[in-house]
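Chemist: Can you keep this structure in mind? I'll have questions shortly.
The values are calculated or read from the model by the stated rules, or taken from the named source; none is laboratory data. Source: prediction; values computed, not measured. Don't worry about glycine lacking a Cβ; one is built from the backbone with ideal geometry, like all the others, and counts go over all protein chains shown.
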Amino acid sequence: MTNSDAQVQPVQKPAHRKDKAKVVAEVWDDARVQSFLARGGVSAADGGSYDTLLRAYQGMRPDDFERFLAEYVAAGGKLDFPGPDGRTLAQYVSTHRHGAPFVEALVAAGAAAP
């Protein structure tokens, strides 16, 4: 069969699951914000981790992230852990288009400015 003999088939897009509603204004209560601390195992002994901060940044809105940072610091977490590339979270987030409010929250919580 040559290219001219082949019929072009339309590409089918996967159907959206109707049982999965889009969450727009999700409420983050204190327990949910604190659950990010439990995932990372933040304690005064280890000072937290870059991964804990990164997961919170990726999963939260700026206001929730600010609340998380207060809990994180109160639990003994340190804000200037370097990531795998040697940058702190503030340095990493400062390169993102919508990262400014997160950087402001980090600096307000005691992180070094990027």
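Chemist: Taking the residues in the range 22-78 that are on the phi > 0 side of the Ramachandran plot and surrounded by fewer than 16 Cβ atoms within 10 Å (Cβ to Cβ) as candidates, determine which candidate is modelled with the lowest pLDDT.
Modeler: Here the answer is GLY47.
Chemist: Also, I was wondering about something else. Does ARG97 qualify as being more than 22 Å from ASP29 (Cα to Cα) and among the basic types (Lys, Arg)?
Modeler: In short, yes.
Chemist: Can you tell me which residue is farthest from the chain's Cα centre (by Cα) among those in the range 86-104 that are farther than 23 Å from ARG32 by Cα and charged (D, E, K, R)?
Modeler: Restricting to residues being farther than 23 Å from ARG32 by Cα and charged (D, E, K, R), the top hit is ARG87.
Chemist: Between GLY76, GLY83, GLY59, which is over 16 Å from the mean Cα position of the chain (by Cα) and either over 17 Å from VAL33 (Cβ atoms) or free of Cβ contacts under 8 Å to residues at least 60 places away in the same chain (or both)?
Modeler: Going through GLY76, GLY83, GLY59 in turn, just one is over 16 Å from the mean Cα position of the chain (by Cα) and either over 17 Å from VAL33 (Cβ atoms) or free of Cβ contacts under 8 Å to residues at least 60 places away in the same chain (or both): GLY76.
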